[in-house]
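Chemist: Attaching a single structure in structure tokens format; questions to follow.
The values are calculated or read from the model by the stated rules, or taken from the named source; none is laboratory data. Here the structure is a predicted model, which is why all the values come from computation and not from measurement. Reconstructed Cβ throughout: ideal geometry from the backbone, glycine too, with neighbour counts over all protein chains shown. Heavy atoms of the whole protein, side chains included, go into the accessibility calculation; ligands, DNA and RNA do not. Shrake-Rupley method; radii C 1.70, N 1.55, O 1.52, S 1.80 Å.
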Amino acid sequence: MPGFEIFSDEERREVNDVLETGVLFRYGFDAQRKGHWKAKTFEKEFAERVGVPYAHLCSSGTAALLIALAACGIGAGDEVIIPPFTFVASFESVIAAGAIPVFADIDETLCLDPKSVEKAITERTKAVVPVHMCGSMAQIDALKDLCDQKGLILVEDACQSVGGAFKGQALGTFGKAGCYSFDAVKTITCGEGGGVVTPFKEVYEKIDQFADHGHDHIGNDRGLEGHPITGLNFRISELGAAVGLAQLRKLDKILEIQRSNKSRIKEAMTGLNGVTFRTLPDPDGDTATFLSFFLPDEDQARECAGQLAKAGVGGCPYWYDNNWHYIRAWDHLKQRSFPCRQTLELVDSAPDYANLDLAQSHKVMGRTISMQIMLGWTAQDIDDRIAKIRQVFGA
């Protein structure tokens with residue numbers, strides 16, 4: 001994803017503001033920082049951007065997930081339904097919270113299938129965490145309705161879909177909390193960073209506290225602040241926040257370029273032999289970071305991925321064989337290769353991750369190729385790419 005492609009004077013100026021004050025810590029040193037509060041400014045502008053009253057900037061998308069789970073009261077022994085197509089951080093954060101990851105199938109949105117989620121619900125289920133993968137959205141309306149009907153907490157993982165929306169509402173704002181990633185290869189980047197948003201003041205207060213050792217952030221003397229809850233350290237530095245702030249202000253331009261580039265390639269691929277496209281519940285809300293498409297079966301998809309790479313069409317991951325984003329290669333989870341004892345090892349109800357029935361997901365992912373959309377492509381680059389793609393498909 002493209003944030004790293006467009007570093008320029010805006011990022012340098014924001015970083016220099018921080019370096020000139022010498023205050024890299026996001027809290028305190030009020031006089032010395034000379035009015036520069038990069039993390040706080042990012043939070044204010046991001047909250048306004050997505051349309052919620054509360055946002056918190058933290059150290060990573062993984063941290064954002066753990067913070068959100070903790071702030072929503074999800075912990076020891078609770079079951080949390082997640083998809084098998086995601087980054088490993090999804091199950092890692094659930095386990096770190098003391099909860100138990102439960103996998104439900106995806107559908108051709110490449111996100112959680114609401115029908116599969118409903119089948120996965122037990123009396124121990126506490127939350128559902130849909131992941132808006134590869135720049136686009138899950139059936140978030142149906143998933144929210146299901147959670148409301150079943151009394152479950154909805155926590156959105158929009159780490160790969162910053163700037164995306166469903167029917168005009170920002171992804172990440174449908175549930176009790178929403179999570180974002182601003183790492184080195186996300187739509188906008190802090191280098192390393194993440195964010196949590198919520199419409200609820202009481203949830204925000206716990207987010208704000210848990211991410212900073214339980215500090216209540218009341219008053220202007222950090223040493224005298226109260227600690228109403230225990231927490232951990234998931235603070236972002238002012239340097240990272242400064243980069244992210246400049247990037248956030250470019251988000252509309254980033255999305256405009258991505259959508260234009262994707263549209264050209266998708267139009268050129270429409271009608272190619274055997275090619276169909278990912279289901280988008282709201283095409284207008286797609287961030288266009290990837291063009292995901294299907295081949296008729298696994299063999300053809302795997303062969304096509306190889307041919308695209310050979311033809312010089314880079315950035316086309318075949319997720320079915322991917323080490324980090326699909327459950328087939330997560331042997332460390334299947335074998336429970338934990339560095340220390342985890343809650344899920346203490347309960348009889350934990351799933352056998354080595355023997356899950358995810359046939360529907362395998363059928364979808366076995367046919368899927370995702371093509372990365374870059375900001376830096378010229379018109380000629382896109383023309384050349386289209387010509388190579390059509391050559392691979394014999395068109």
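Chemist: If the requirement is being in a helix (DSSP H, G or I) and either crowded, with 24+ Cβ neighbours inside 10 Å or modelled with pLDDT of 95 or more (or both), which of these qualifies: K186, K206?
Modeler: On the way: K186 fails: in a helix (DSSP H, G or I).
Step by step, each of K186, K206 is checked, and only K206 is in a helix (DSSP H, G or I) and either crowded, with 24+ Cβ neighbours inside 10 Å or modelled with pLDDT of 95 or more (or both).
Chemist: So the check is Cβ under 9 Å with 6+ separation or different chains; which pairs have a first residue in the stretch 168-182 that's closer than 11 Å to A68 by Cα and in contact (Cβ under 8 Å) with a residue 40 or more places away in the chain and a second one that's among the aromatic types (F, W, Y) and open to solvent by 10 Å² or more (accessible area, probe 1.4 Å)?
Modeler: Listed by first residue and then by second, the contacts come to K176/F200; A177/F200; A177/Y204.
Chemist: Yes or no: the stretch 125-135 includes at least one residue that is open to solvent by 20 Å² or more (accessible area, probe 1.4 Å) and either assigned to a loop (DSSP other than H, G, I, E, B) or among the polar types (S, T, N, Q) (or both).
Modeler: Checked the stretch 125-135: no residue is open to solvent by 20 Å² or more (accessible area, probe 1.4 Å) and either assigned to a loop (DSSP other than H, G, I, E, B) or among the polar types (S, T, N, Q) (or both).
Chemist: When both residues are 6+ apart or on different chains and their Cβ atoms are under 8 Å apart, which pairs have a first residue that lies in the stretch 195-219 and is over 18 Å from I74 (Cβ atoms), and a second that is surrounded by 19 or more Cβ atoms within 10 Å (Cβ to Cβ) and aliphatic (A, V, I, L, M)?
Modeler: From residues that are over 18 Å from I74 (Cβ atoms), the pairs are G195/A55; G195/L57; G195/A64.
Chemist: Which residues, counting only those in the stretch 17-34, are over 18 Å from C190 (Cα atoms), part of a loop (DSSP other than H, G, I, E, B) and either open to solvent by 60 Å² or more (accessible area, probe 1.4 Å) or among the aliphatic types (A, V, I, L, M) (or both)?
Modeler: Result: F29, D30, A31, Q32, K34.
Chemist: Based on what the data block shows, is A39 crowded, with 23+ Cβ neighbours inside 10 Å, more than 30 Å from L143 (Cα to Cα), out of contact with any His (no Cβ under 6 Å at 6 or more places or on another chain) and of a type in the set (A, V, I, L, M)?
Modeler: Against the criterion (crowded, with 23+ Cβ neighbours inside 10 Å, more than 30 Å from L143 (Cα to Cα), out of contact with any His (no Cβ under 6 Å at 6 or more places or on another chain) and of a type in the set (A, V, I, L, M)), A39 qualifies.
Chemist: Name, by its number, the condition in (1) open to solvent by less than 20 Å² (accessible area, probe 1.4 Å); (2) within 22 Å of R249 (Cα to Cα) that does not hold for A68.
Modeler: Single failed check for A68: (2).
Chemist: Could you count how many residues in the stretch 345-373 are open to solvent by 40 Å² or more (accessible area, probe 1.4 Å) and either of a type outside the set (D, E, K, R) or in a loop (DSSP other than H, G, I, E, B) (or both)? Outline the logic, then answer.
Modeler: Residues of the stretch 345-373 that are open to solvent by 40 Å² or more (accessible area, probe 1.4 Å), as a first pass: 345-349, 352, 354-357, 359-360, 362-363, 372.
Checking the rest, the ones that are also either of a type outside the set (D, E, K, R) or in a loop (DSSP other than H, G, I, E, B) (or both) come to 346-349, 352, 354-357, 359-360, 362, 372.
Matching residues across the stretch 345-373 total 13.
Chemist: Next question, about the same structure. Among the residues of the stretch 1-16, which ones are more than 19 Å from E238 (Cβ to Cβ) and open to solvent by less than 70 Å² (accessible area, probe 1.4 Å)?
Modeler: First, the residues of the stretch 1-16 that are more than 19 Å from E238 (Cβ to Cβ): 1-2, 4-6, 8.
Of everything in the stretch 1-16, those that are more than 19 Å from E238 (Cβ to Cβ) and open to solvent by less than 70 Å² (accessible area, probe 1.4 Å) turn out to be M1, P2, E5, I6, S8.
Chemist: Which of the residues spanning the stretch 321-344 are farther than 24 Å from Q300 by Cα, in a loop (DSSP other than H, G, I, E, B) and open to solvent by 60 Å² or more (accessible area, probe 1.4 Å)?
Modeler: Q335, R336, S337, P339, C340, R341, listed by residue number.
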